[in-house]
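Q: The structure that follows is given in the form of structure tokens.
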Amino acid sequence: MTAASIVGWAHTPFGKFDAETVESLVVKVANEALADAGIAASDVDEIMLGHFNAGFSPQDFTASLVLQANPALRFKPTTRVENACATGSAAVHQGIRAIEAGAAKIVLVVGVEQMTRTPGPEIGKNLLKASYLPEDGDTVGGFAGVFGKIAQAYFQKYGDQSDALAMIAAKNHKNGVANPYAQMRKDFGFEFCRAESEKNPFVAGPLKRTDCSLVSDGAAALVLTDAETARSMGKAVNIRATAHAQDFLPMSKRDILQFEGCTVAWQRALDKAGLKLSDLSFVETHDCFTVAELIEYEAMGLTPKGQGARAIMEGWTQKDGKLPVNPSGGLKAKGHPIGATGVSMHVMSAMQLAGQGPEGMQLKNPQIGGIFNMGGAAVANYVSILEPAK
């Protein structure tokens, strides 16, 4: 087990917030997370900020914005962490490392992004910066185009998976209805997600609008401390294991249908935790596009290669299935403010394990939660395994 525990958290709703700024979002969750943990700002030893940016915000030196939350944070070591769409988990893992190294006893981790003020064409251009530009820089449809190519290649190899993708979208939207932090709280149903329509057009390759996560604003934060200190806190969720596997950036250097970095990260984390996948009570996984969740079923070892559709079509990943996946609604319903996403996944999982999930989202007595957050097309791969403090 790692030496770190989560002892407090905060989460804004995700959505489109014209009245908010990166700074206001950061300040809000930083203060709320410290209050939730019952920790004074003066007791924080180190701060990690997850913020991708890539052109979304004109303010590009943002680490010190966390200090705006409280004058007592002045002069605390503060670092901005970035690893594409896994930026939030990268910040969490760096916070854990600081505690494991004995460099900090209490770490405040914040993740933030404000994307919706950016014009549509610029959003696509900014997101493509998380791909290998010499190969993918001219991709039509931006990052959706990249995953549209992946979906097309998967269909060509394993057959049309449109039913499975629509079922994943419908599952996650249904789950998101009970999540008050989710950007899209509407149960669209399978038929709407499956059919092309004026409201659900094709976006890239076989991917329709309901297959794509939402452009979002939002922030999340959590407080980490060492396991010994956590025992004296009001609540604590232990981080049993973490793993990070970084893969080649060019998709041409790997089999993009394998998500091998995802597999390696899951294997490393489960081995460290002394667990099997079947020991997990639920998983929050990175469904930036429905085809990503489909391939992640295979990469985590839930099904053999090419058979990911079984997991959704046989109900395994529903909230009442043998391994609920994205009970929060995932990125698909919750939204995907890039720097906040990984922190959000840890907050949602901690809520579940502390029995503090919102009504309708809370699972029955979950014991172990798994998180997979990735940057780019399975390039930066982060896994965390969490459990309630005993």
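Q: Kindly indicate whether any position in the range 35-53 is within 21 Å of the chain's Cα centre (by Cα), open to solvent by 10 Å² or more (accessible area, probe 1.4 Å) and over 26 Å from ALA236 (Cβ atoms).
A: Yes, the range 35-53 has at least one match.
Q: I need the full set of residues from the range 186-227 which are part of a helix (DSSP H, G or I), crowded, with 18+ Cβ neighbours inside 10 Å and aromatic (Phe, Trp, Tyr), in order please.
A: Answer for the range 186-227, where residues must be part of a helix (DSSP H, G or I), crowded, with 18+ Cβ neighbours inside 10 Å and aromatic (Phe, Trp, Tyr): just PHE192.
Q: Between a first residue in the range 251-273 that is at positive phi and a second residue that is at pLDDT 95 or above, which pairs have beta carbons less than 7 Å apart while being 6 or more apart in sequence or on different chains?
A: Short answer, once both residue conditions are applied: PHE259/ILE295; PHE259/GLU296; PHE259/ALA299; PHE259/ALA378.
Q: Let me ask another. Suppose the filter is over 24 Å from GLY306 (Cβ atoms) and surrounded by fewer than 20 Cβ atoms within 10 Å (Cβ to Cβ); does ASP163 pass it?
A: No, not satisfied.
Q: Considering each of ASP160, ASP138 in turn, give the residue that is over 30 Å from GLN352 (Cα atoms), at pLDDT 95 or above and not in a helix (DSSP H, G or I). I'd like the intermediate steps shown before the answer.
A: Details: ASP138 fails: at pLDDT 95 or above.
Step by step, each of ASP160, ASP138 is checked, and only ASP160 is over 30 Å from GLN352 (Cα atoms), at pLDDT 95 or above and not in a helix (DSSP H, G or I).
Q: Next question. Inspect the range 109-117 for any residue being farther than 13 Å from ASN53 by Cβ and of a type outside the set (Val, Ile, Thr) and give the result as yes or no. Write out each step before concluding.
A: Quick first cut of the range 109-117, residues farther than 13 Å from ASN53 by Cβ only: 109-110, 116.
With of a type outside the set (Val, Ile, Thr) added as a condition, the list becomes none.
No.
Q: Go through the range 334-364 and give me each residue that's farther than 16 Å from ASP279 by Cα, touching a residue at least 60 places away in the same chain (Cβ under 8 Å) and part of a loop (DSSP other than H, G, I, E, B).
A: Within the range 334-364, GLY335, HIS336, PRO337, ALA354, GLN356, PRO358, GLU359, GLY360, MET361 meet the criteria.
Q: Still on this structure: So, in the range 274-320, how many residues would count as being assigned to a loop (DSSP other than H, G, I, E, B), in contact (Cβ under 8 Å) with a residue 60 or more places away in the chain and closer than 28 Å to ILE338 by Cβ?
A: Residues meeting the conditions: 9.
Q: For the range 152-185, how many residues are charged (D, E, K, R) and within 13 Å of THR290 (Cα to Cα)?
A: Going residue by residue through the range 152-185, those that are charged (D, E, K, R) are 157, 160, 163, 171, 174, 185.
Those still in the list that are within 13 Å of THR290 (Cα to Cα) too: 163, 171.
Residues flagged as charged (D, E, K, R) and within 13 Å of THR290 (Cα to Cα) within the range 152-185 amount to 2.
Q: Select, from GLN156, GLN152, the only residue that is of a type in the set (S, T, N, Q) and without any contact (Cβ under 8 Å) to a residue 40 or more places away in the chain. Quick ask: steps written out before the conclusion?
A: Numbers: GLN152 fails: without any contact (Cβ under 8 Å) to a residue 40 or more places away in the chain.
Just one listed residue meets the conditions, GLN156.
Q: A further question on this structure: Quick one: in the range 62-93, which of the residues that are closer than 26 Å to LYS334 by Cα and either aromatic (Phe, Trp, Tyr) or assigned to a loop (DSSP other than H, G, I, E, B) (or both) is nearest to the chain's Cα centre (by Cα)? I'd like the intermediate steps shown before the answer.
A: Start the filter on the range 62-93 by keeping residues that are closer than 26 Å to LYS334 by Cα, which leaves 62-63, 65-66, 69, 80-93.
So of that shortlist, the ones also either aromatic (Phe, Trp, Tyr) or assigned to a loop (DSSP other than H, G, I, E, B) (or both) come out as 62, 82, 84, 86.
Working: THR62: 21, GLU82: 14, ALA84: 11, ALA86: 7 Å.
Among those that are closer than 26 Å to LYS334 by Cα and either aromatic (Phe, Trp, Tyr) or assigned to a loop (DSSP other than H, G, I, E, B) (or both), it is ALA86.
Q: Of everything in the range 298-325, what is surrounded by fewer than 19 Cβ atoms within 10 Å (Cβ to Cβ), among the charged types (D, E, K, R) and more than 19 Å from GLN367 (Cα to Cα)? Give them in sequence order.
A: LYS305, ARG310, GLU314
Q: OK, next. Among the listed residues ILE123, ILE96, which satisfies the condition of being open to solvent by less than 10 Å² (accessible area, probe 1.4 Å), under 21 Å from the mean Cα position of the chain (by Cα) and of a type in the set (A, V, I, L, M, F, W, C)?
A: The conditions single out ILE96.
Yes or no, residue by residue, for (1) in contact (Cβ under 8 Å) with a residue 24 or more places away in the chain; (2) of a type in the set (Gly, Ala, Ser):
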{"position": "SER5", "(1), (2)": "yes, yes"}
{"position": "ALA10", "(1), (2)": "yes, yes"}
{"position": "PRO13", "(1), (2)": "yes, no"}
{"position": "PHE17", "(1), (2)": "yes, no"}
{"position": "THR21", "(1), (2)": "yes, no"}
{"position": "GLY55", "(1), (2)": "yes, yes"}
{"position": "SER64", "(1), (2)": "no, yes"}
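Q: Here's another thing I want to ask about it. Within the range 126-149, which residues are of a type in the set (Phe, Trp, Tyr) and crowded, with 21+ Cβ neighbours inside 10 Å? Quick ask: steps written out before the conclusion?
A: Within the range 126-149, the first condition is being of a type in the set (Phe, Trp, Tyr), and the residues that meet it are 132, 143, 147.
Correct list: PHE143, PHE147.
Q: Next up: Kindly check whether there is at least one residue in the range 365-372 that is open to solvent by 10 Å² or more (accessible area, probe 1.4 Å) and over 25 Å from GLY274 (Cα atoms).
A: No: zero hits.
Q: Hey, HIS173 hits all of (1) at pLDDT 95 or above; (2) under 24 Å from SER89 (Cβ atoms); (3) part of a helix (DSSP H, G or I); (4) open to solvent by 10 Å² or more (accessible area, probe 1.4 Å) but one; which does it fall short on?
A: (4)
Q: Next up: Condition first: part of a helix (DSSP H, G or I) and either more than 27 Å from SER384 (Cβ to Cβ) or not polar (S, T, N, Q) (or both). Can you find one or more residues in the range 106-121 that meet it? Lay out the reasoning, then the answer.
A: Within the range 106-121, the subset part of a helix (DSSP H, G or I) is 120-121.
Still in the list and also either more than 27 Å from SER384 (Cβ to Cβ) or not polar (S, T, N, Q) (or both): 120-121.
For the range 106-121, residues part of a helix (DSSP H, G or I) and either more than 27 Å from SER384 (Cβ to Cβ) or not polar (S, T, N, Q) (or both): present.
The values are calculated or read from the model by the stated rules, or taken from the named source; none is laboratory data. Quantities reported herein were computed from a predicted structural model and do not represent experimental measurements. With ideal geometry, Cβ positions are generated from the backbone for all residues, glycine too; neighbour counts draw on all protein chains shown. Each accessible area value is taken on the protein alone, full model and side chains, heavy atoms only, with ligands, DNA and RNA left out. Shrake-Rupley method; radii C 1.70, N 1.55, O 1.52, S 1.80 Å.
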